[in-house]
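*Asks:* Structure provided below as structure tokens; questions to follow.
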Amino acid sequence: MKARIASGLVPFLGLVLLWMLIWGEFTWLSLLTGVVLSLLVSVAFYLPAVALSGRLNILRALAFAGRLLVDIVLASLQIAWTAVNPRYRPSNAIIAVPLRTRSDLVMTFTAEAVSLVPGSIVLDVDRETATLYLHALNVRSVDDVPALKRSVLATERRLILAAGSADDLARLREAEAAGGSDAPGSVRREGGAA
Amino acid sequence: MNPIDLGFDLRDVITAVLVLLAALMCFAAGVGLIRFPDVLSRLHAATKPQILGIMAIVADVAVTNPSVGTITLAVAIIVFQSLTAPVSAHMVGRAAYRTNHFRRDILVLDELTAQSFEQAHAPREIPPIDQVKG
């Protein structure tokens with residue numbers, strides 16, 4: 001019951017906060033109108049509840065955000081250089097990255113974060129096996145692919161450490177203990193019956 | 001807000017750097033849009049460098065006009081740009097892949113092959129999204 005209330009309350013409070021951010025003032029009036037509008041929006045545009053993990057490590061979340069910002073800056077400069085480089089030769093790849101999480105939320109945020117960093121776009125998602133299919137720019141050869149997959153898994157790892165469920169944390173530890181991070185994706189999971 | 005007295009206005013310098021960075025990013029995005037060979041590559045140029053560009057411009061506005069209203073609005077703009085840009089890139093990319101509007105000859109590897117695609121999209125029992133148990 002607690003989880004159900006929390007998973008409804010968090011997006012609601014997010015909407016109220018957004019309303020106050022847009023008005024740029026934290027007053028009783030903006031709070032009140034925000035609450036009324038958020039109620040209206042969440043009733044009129046009803047969405048299925050999101051399963052929140054109920055865990056948030058602020059330091060890890062800051063580390064995730066900081067690393068994301070650094071990645072965005074570096075990769076943006078890199079793509080910008082690629083675009084104007086006179087000796088640019090196109091060479092891309094589409095790779096499959098099986099994630100370790102079983103949470104829709106972590107999977108979505110991993111896909112968002114990976115897409116936000118220039119150089120990779122999520123083309124398709126297999127929800128049952130939590131596999132992301134990415135289009136990556138500037139992949140010179142197949143040898144570059146493992147490093148790319150490791151960086152996606154590292155993003156997922158930072159997210160799980162920041163806000164993943166205990167279940168996901170255990171799965172992460174298990175996968176790392178099994179040496180899954182050495183050659184991610186070399187053994188593709190079948191179906192996801194487990 | 002009083003500018004810090006350094007003999008010159010520090011905020012002018014910050015403005016110059018950030019706006020120049022943003023302009024360079026938008027320029028690179030435009031060049032990439034023309035030079036990159038297929039839809040999927042162009043998506044990278046069209047959606048990505050401008051994220052850094054808009055961050056720089058919005059940060060500049062927040063620095064030069066530091067009131068609560070501007071800063072909160074800046075935060076909202078960055079958050080929503082960051083959340084929505086990948087989604088549109090994903091939708092266009094997915095459509096381009098499914099309709100074969102991309103060049104296979106410049107791919108060194110394609111793990112989203114017909115087989116894994118079929119496997120991924122075969123009709124099956126999909127668990128309900130609402131898995132929250134009280």
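The values are calculated or read from the model by the stated rules, or taken from the named source; none is laboratory data. All values derive from a computational prediction rather than experimental measurement. Counting neighbours? That spans all protein chains shown, and the Cβs are built from the backbone with ideal geometry, glycine included.
*Asks:* Kindly indicate which of B:E125, B:E111 is at pLDDT 60 or above and within 18 Å of A:T129 (Cβ to Cβ).
*Replies:* B:E111
*Asks:* Also: Among A:A51, A:A75, which is the only one that is at the interface with another protein chain (Cβ under 7 Å from one of its Cβ atoms), farther than 20 Å from B:V75 by Cβ, in contact (Cβ under 8 Å) with a residue 12 or more places away in the chain and surrounded by fewer than 23 Cβ atoms within 10 Å (Cβ to Cβ)?
*Replies:* Being at the interface with another protein chain (Cβ under 7 Å from one of its Cβ atoms), farther than 20 Å from B:V75 by Cβ, in contact (Cβ under 8 Å) with a residue 12 or more places away in the chain and surrounded by fewer than 23 Cβ atoms within 10 Å (Cβ to Cβ) holds for just one of A:A51, A:A75, which is A:A51.
*Asks:* Still on this structure, I have one more. Exactly one condition in (1) over 27 Å from B:F36 (Cβ atoms); (2) under 11 Å from the mean Cα position of the chain (by Cα); (3) at pLDDT below 90 is not met by A:R157; state its number.
*Replies:* (3)
*Asks:* Any chance the stretch A:102-111 includes a residue that's outside any loop (DSSP other than H, G, I, E, B), within 10 Å of another protein chain (Cβ to nearest Cβ) and in contact with a His (Cβ under 6 Å, 6 or more places away or on another chain)?
*Replies:* So far as the stretch A:102-111 goes, no, none of its residues is outside any loop (DSSP other than H, G, I, E, B), within 10 Å of another protein chain (Cβ to nearest Cβ) and in contact with a His (Cβ under 6 Å, 6 or more places away or on another chain).
*Asks:* Okay, moving on. Filter the stretch B:83-99 down to the residues that are within 8 Å of chain A (Cβ to nearest Cβ) and either outside any helix (DSSP H, G or I) or farther than 16 Å from A:P118 by Cα (or both) and list them by number.
*Replies:* Listed by number, the residues that qualify are B:R94, B:Y97.
*Asks:* Take the residues in the stretch B:72-82 that are more than 7 Å from chain A (Cβ to nearest Cβ), surrounded by fewer than 18 Cβ atoms within 10 Å (Cβ to Cβ) and of a type in the set (A, V, I, L, M), then tell me which one is nearest to B:A23 (Cα to Cα).
*Replies:* Applying the filter and picking the extreme gives B:I78.
*Asks:* When you scan the stretch A:84-97, do you find a residue that is buried (at least 19 other Cβ atoms within 10 Å of the Cβ), at the interface with chain B (Cβ under 8 Å from one of its Cβ atoms), within 12 Å of A:N138 (Cα to Cα) and hydroxyl-bearing (S, T, Y), even just one?
*Replies:* There is no residue in the stretch A:84-97 that is buried (at least 19 other Cβ atoms within 10 Å of the Cβ), at the interface with chain B (Cβ under 8 Å from one of its Cβ atoms), within 12 Å of A:N138 (Cα to Cα) and hydroxyl-bearing (S, T, Y).
*Asks:* If you don't mind, there's one more thing I want to ask. For residues that are buried (at least 17 other Cβ atoms within 10 Å of the Cβ) and of a type in the set (S, T, N, Q), scanning just the stretch A:127-150, find the one that is farthest from A:S91 (Cα to Cα).
*Replies:* Step by step, filter the stretch A:127-150, then rank; the result is A:T129.
*Asks:* Can you say whether A:L31 is loosely packed, with under 13 Cβ neighbours inside 10 Å and of a type outside the set (K, R), as far as the supplied structure shows?
*Replies:* no
*Asks:* Next question, about the same structure. Would you be able to say whether some residue in the stretch B:48-68 is within 26 Å of A:F109 (Cβ to Cβ), at pLDDT below 85 and either surrounded by fewer than 18 Cβ atoms within 10 Å (Cβ to Cβ) or more than 8 Å from every other protein chain (Cβ to nearest Cβ) (or both)?
*Replies:* Yes, some residue in the stretch B:48-68 is within 26 Å of A:F109 (Cβ to Cβ), at pLDDT below 85 and either surrounded by fewer than 18 Cβ atoms within 10 Å (Cβ to Cβ) or more than 8 Å from every other protein chain (Cβ to nearest Cβ) (or both).
*Asks:* Another question, then. Based on what the data block shows, is A:S38 in contact with a Phe, Trp or Tyr (Cβ under 6 Å, 6 or more places away or on another chain), touching a residue at least 24 places away in the same chain (Cβ under 8 Å) and assigned to a helix (DSSP H, G or I)?
*Replies:* Answer is yes for this residue.
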